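Report on the structure given below.
The values are calculated or read from the model by the stated rules, or taken from the named source; none is laboratory data. Quick caveat, the model's predicted, so the values are computed rather than measured. All Cβ positions, glycine included, derive from the backbone under ideal geometry; neighbour counts span all protein chains shown.
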């Protein structure tokens, strides 16, 4: 049995997620990264070094945009480009020590803020949120079937 979902349902979810992210970022002490920069750092942190093309796919942006984002992160000392050992003509992008520290600091800060907000929920609400988190992960994966 499949539940029917309206565009209004989807829009309300998008708005709620964006508001949560915005409120966490506004309350966070460090605000110097743009959302795409943060996404690229996060992907490099979890997936390891990768080529610009793969960064573009994972960040859901064009390759020129990914190049611009990486250039900005590189000038800030957060990433570096190295020759790809598998193909000397290509380069891979990897986090620097400063990049790892930045992503850890941001993640810790946002997690602390969110933990404080989560502490105000009931146990039943927390359990619902745990289930929803699993579903949101599936929805966030463009290759997921649902």
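So here's what we get for this one:
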quantity	calculated
Cross-chain or 6+ apart pairs with Cβ under 7 Å, region 4-27 first and at negative phi, then part of a helix (DSSP H, G or I) and surrounded by 11 or more Cβ atoms within 10 Å (Cβ to Cβ)	24/110; 24/113; 24/114; 27/113
Flag if residue 92 is in a helix (DSSP H, G or I) and touching a strand residue (DSSP E or B) at 6+ places or on another chain (Cβ under 8 Å)	no
Considering residues of region 103-116 that are under 20 Å from the mean Cα position of the chain (by Cα) and over 16 Å from residue 38 (Cα atoms) only, the residue surrounded by the most Cβ atoms within 10 Å (Cβ to Cβ)	113
Tally, over region 11-53, of residues that are surrounded by 10 or more Cβ atoms within 10 Å (Cβ to Cβ), modelled with pLDDT under 85 and out of contact with any helix residue (DSSP H, G or I) (no Cβ under 9 Å at 6 or more places or on another chain)	2
Only listed residue being surrounded by 13 or more Cβ atoms within 10 Å (Cβ to Cβ), over 20 Å from residue 17 (Cβ atoms) and in contact with a strand residue (DSSP E or B) (Cβ under 7 Å, 6 or more places away or on another chain), chosen from 100, 80	80
In region 54-77, residue farthest from the chain's Cα centre (by Cα) [restricted to those that are within 19 Å of residue 141 (Cβ to Cβ), touching a residue at least 12 places away in the same chain (Cβ under 8 Å) and surrounded by fewer than 18 Cβ atoms within 10 Å (Cβ to Cβ)]	61
